[in-house]
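The structure appears below as structure tokens.
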Amino acid sequence: MLTAVGLGLLLTIVLGMTGIYNGIIVDATALPDSLRADLWIVQRDTRGPFAELSRLPADLEERARAVPGVASARSYVAHTIQRDVPGGPQIRFTALGLSWPDDHGADLPLVEGRPLSQAHFEFIVDRSLGLALGTRIPLGRDIYTVVGITEGITASGGDPVAFFTRSDAQKIQFDKSNEAIRLDREARTARFRRSQLSRNPDLARMSTAPANQIPALGPAPVSAVMLNLAPGYQAEEVRGRLSQWKDVTVYTQADQHQLILGGIVEKTKRQIGLFRALLVVISTILMSLIIYTMTLDKIHSIALLKLLGARRTVILGMILQEALLLGGIAYTLAIVLGNTIFELFPRRVAVENSDRLLLLLVVFVISIVASIFGMKKALAADPNEVLAG
Amino acid sequence: MSDTAPAVEARLLSRHYGEGNTYVKALDKASFEIQAGEVVALLGPSGSGKSTLLTILGLINQPNEGSLRIGGEDVIRDGQLVGNTNLVRRRQLGFVFQRSNLIPFLNAQDNIRLVLDLDDVPGRVARRRARDILEELGVADRATHFPVQLSGGQQQRVAIARALVHEPALLLADEPTASLDKERGRQVMELFRTAARERNAAVLVVTHDHRSLDLVDRTFEIEDGVLSH
Ligand SMILES: Nc1ncnc2c1ncn2[C@@H]1O[C@H](COP(=O)(O)OP(=O)(O)OP(=O)(O)O)[C@@H](O)[C@H]1O
Ligand SMILES: [Mg+2]
């Protein structure tokens, strides 16, 4: 019985590995899926914004909007933030900027609360971050309030996604300490004084202004621009048109999936796949050993059965039955245990019914393979052994 | 199987072990017949070849030479097993050993049913026959006990029940009374006698106990593998 438990735990791990792998795929694609874009414009020759860094000028959104067939264009701005909440735990999430005022986050799968209703200081966050509705947290020099909760929206690394208006998101991203800002400004002013431009009083005043008010510096870049198509337009058609722009590359949603799964997830997949294979091999060896010793324990009875004229098939069937029973108990344990403990894992463990079925099949095969050694031993048992000892 | 044929016909059965220095002639050209309904005691000193003869008759040990017919059917010809050995074991043979040799994880009733199950006797019939034979041997009240919960004598009765339940033509018993006291040893011999009479079985029983010899029909003696009768 204890051996069945051990085997069950091993199978739980096999199942868990599968779930973790599935979870990684779901996590990795949850964000692009939730954004429901038809096309993604990214920096030329990059595989952004998920698999690789991409930078685009902020005005690209406007340019894209003018292309025929484009119903809407939204900038994609995201970055990961890890902060200590005063008096609370450390939190880590991906801050994503919505194109306020066009996008309030109304399309997001909200399970609680509401979309954003003002341009600043509100955000929507995934439940997995563990912040309750109405929680107020300081980020940079401002305090932000949770107004909505989504479920299952994570960035490719599994971090929960928080949705801000784009300007808030960028403000949080470029949030610098007062000291950094002062040093920055001083360096700029010093550069300015050394140049000929310092005779212009307007410029002189501007050189000490905040960075975002200086025309020559321009607004912060965005990572990508997401497009949604107008009815009646094909993705390929619009993509062809955009491809003539020399500074961008355009991907469809399907391309993005492929980039994410091919790039980020591919190695993880092989890693977990190999690990899983190893566990299956270990389970088989362990089970073979168990069945073998169980057969040895009963060798006297098996010899007796032979003496009583039991057919080979009866004896072999007995051992196979034992193996299948053991496998069955271990499998049931793995399923039950998995259902209870996988929820407690910090990252998503997505076990599908098809995975459970596959595991059942694997256990079945393991049981059969494992019983082979026991069967060999049983067939070799001599009825004479009944008389010995 | 014909009614007139002897239950056992052995012709020139020989068995030797080892080579050169270790060569032992355990059984030397044994020929004999045992009739159905007859109880025969096999006597002989230790190492004389009693168990060798019994295991050859039980088809779990093969002779080097000789032939054997059980219930009129050839089962060993010129030292070779012929026909369906398993079927003969299931239908024609019953074994009782010195120790009871019950299967430890089955209760008394199931140990007996096992023999019938192995021969595909339908469940209802098997259950009834198992109950009847336990009744007959006076251990019906122990039907659901496991072997460890039974006394030595009770275990031996259950073992005898198992050896008889399928109405074998030949019952082989190797020192079945050795682990029992005088009283119970004699009871076991009486059981064999009754079984032989009522079930028309041939019984060959190895024994050292000369006090029970009044219960047997004939005795075979064996010394250094040579059988005399
Ligand atoms: N498997 C074997 N290998 C070698 N020699 C054997 C084997 N089995 C029996 N013998 C030898 O054959 C001879 C007869 O043995 P057997 O077991 O038939 O004697 P036995 O009459 O039953 O003795 P006991 O009364 O002690 O049970 C003995 O000399 C024994 O050593
Ligand atoms: Mg012996």
So B:Ser51 clears everything in (1) more than 14 Å from the chain's Cα centre (by Cα); (2) small (Gly, Ala, Ser); (3) within 13 Å of ligand 1 (Cβ to nearest atom) except one condition, right? Which one?
-> (1)
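Do any helices (runs of 4 or more DSSP H) entirely within region A:251-327 hold 2 or more residues that are touching an Asp or Glu at 6+ places or on another chain (Cβ under 7 Å) and within 25 Å of B:Asn84 (Cβ to Cβ), and if so, which?
On the way: elements: A:253-259, A:266-297, A:299-307.
The qualifying helices (runs of 4 or more DSSP H) are A:299-307.
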Looking at (1) away from ligand 1 (no atom under 15 Å from the Cβ); (2) surrounded by fewer than 17 Cβ atoms within 10 Å (Cβ to Cβ); (3) at pLDDT 90 or above, which is the only condition B:Tyr23 fails?
-> (1)
Taking into account only those residues within region B:114-128 that are in contact (Cβ under 8 Å) with a residue 24 or more places away in the chain and in a helix (DSSP H, G or I), which is surrounded by the most Cβ atoms within 10 Å (Cβ to Cβ)?
-> B:Val115
Considering each residue of region A:350-378, count those that are farther than 20 Å from A:Ala330 by Cα and open to solvent by 70 Å² or more (accessible area, probe 1.4 Å), and give that number.
-> 2
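Need at least 3 residues that are modelled with pLDDT of 80 or more per element, so show me which helices (runs of 4 or more DSSP H) inside region A:137-218 make the cut, counting only ones lying wholly within it. Step through it out loud before you land on a result.
Details: elements: A:166-173, A:178-194, A:201-206.
Passing ranges, in order: A:166-173.
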Please give the number of the condition B:Arg99 fails out of (1) open to solvent by 30 Å² or more (accessible area, probe 1.4 Å); (2) away from chain A (no Cβ under 14 Å).
-> (2)
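State yes or no: is A:Asp126 within 15 Å of A:Phe164 (Cα to Cα) and touching a Phe, Trp or Tyr at 6+ places or on another chain (Cβ under 8 Å)? Outline the logic, then answer.
Values: within 15 Å of A:Phe164 (Cα to Cα): yes; touching a Phe, Trp or Tyr at 6+ places or on another chain (Cβ under 8 Å): yes.
Judged against the criteria, A:Asp126 is a match.
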With respect to B:Ala5, determine if the residue is under 15 Å from the mean Cα position of the chain (by Cα) and of a type in the set (A, V, I, L, M, F, W, C).
-> no
Return yes when A:Glu236 is open to solvent by 90 Å² or more (accessible area, probe 1.4 Å), modelled with pLDDT of 70 or more and under 29 Å from A:Leu96 (Cβ atoms) and no when it is not.
-> yes
Say whether the condition of being away from chain A (no Cβ under 14 Å), open to solvent by 20 Å² or more (accessible area, probe 1.4 Å) and farther than 24 Å from B:Val188 by Cα is met by at least one residue in region B:81-94.
-> yes
Out of (1) touching a Phe, Trp or Tyr at 6+ places or on another chain (Cβ under 9 Å); (2) within 15 Å of B:Ala10 (Cα to Cα), what's the single condition that is false for B:Ile70?
-> (1)
Tell me, yes or no, whether region B:47-67 has at least one residue that is within 16 Å of ligand 2 (Cβ to nearest atom), more than 14 Å from every other protein chain (Cβ to nearest Cβ) and surrounded by fewer than 20 Cβ atoms within 10 Å (Cβ to Cβ).
-> yes
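Would you list the strands (runs of 3 or more DSSP E) that sit entirely within region A:9-127 and hold 3 or more residues that are open to solvent by 30 Å² or more (accessible area, probe 1.4 Å) and assigned by TED's automatic domain parsing to the domain that holds A:Ala235?
A:70-84, A:110-113
Considering A:Glu385, A:Glu322, which residue is more than 35 Å from the chain's Cα centre (by Cα), among the acidic types (Asp, Glu) and surrounded by 19 or more Cβ atoms within 10 Å (Cβ to Cβ)?
Numbers: A:Glu385 fails: surrounded by 19 or more Cβ atoms within 10 Å (Cβ to Cβ).
Step by step, each of A:Glu385, A:Glu322 is checked, and only A:Glu322 is more than 35 Å from the chain's Cα centre (by Cα), among the acidic types (Asp, Glu) and surrounded by 19 or more Cβ atoms within 10 Å (Cβ to Cβ).
Residue-by-condition table, conditions (1) over 30 Å from B:Asp110 (Cα atoms); (2) within 12 Å of another protein chain (Cβ to nearest Cβ); (3) open to solvent by 60 Å² or more (accessible area, probe 1.4 Å):
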residue	(1), (2), (3)
A:Ile302	no, yes, no
A:Gly309	no, yes, no
A:Thr313	no, yes, yes
A:Arg348	yes, no, yes
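So which residues in region B:191-229 are part of a loop (DSSP other than H, G, I, E, B) and more than 16 Å from ligand 2 (Cβ to nearest atom), if there are any at all? Full working, then the answer.
Kept after step one, since they are part of a loop (DSSP other than H, G, I, E, B), are these residues of region B:191-229: B:200-201, B:207-209, B:216-217, B:224-225, B:229.
Scanning region B:191-229 gives B:Asn200, B:Ala201, B:Val216, B:Asp217, B:His229.
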Do we have B:Gly37 as near ligand 1 (Cβ under 8 Å from one of its atoms) and either free of Cβ contacts under 8 Å to residues at least 60 places away in the same chain or more than 14 Å from chain A (Cβ to nearest Cβ) (or both) here?
-> no
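If the requirement is being farther than 23 Å from B:Thr52 by Cα, touching a strand residue (DSSP E or B) at 6+ places or on another chain (Cβ under 9 Å) and open to solvent by less than 50 Å² (accessible area, probe 1.4 Å), which of these qualifies: B:Val188, B:Val165, B:Val216, B:Val203?
Numbers: B:Val188 fails: farther than 23 Å from B:Thr52 by Cα; B:Val216 fails: farther than 23 Å from B:Thr52 by Cα; B:Val203 fails: farther than 23 Å from B:Thr52 by Cα.
Only one candidate qualifies: B:Val165.
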For region A:253-272, does any single residue satisfy the condition of being in contact with a strand residue (DSSP E or B) (Cβ under 7 Å, 6 or more places away or on another chain), under 18 Å from A:Gly69 (Cβ atoms) and in contact (Cβ under 8 Å) with a residue 60 or more places away in the chain?
-> no
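The values are calculated or read from the model by the stated rules, or taken from the named source; none is laboratory data. Being a predicted model, the structure only gives us computed values, none of them experimental. Heads up, the Cβs are rebuilt from the backbone with ideal geometry, glycines too, and the neighbour counts pull from every protein chain shown. These accessible areas exclude ligands, DNA and RNA; they are computed on the full protein's heavy atoms, side chains included. Shrake-Rupley method; radii C 1.70, N 1.55, O 1.52, S 1.80 Å.
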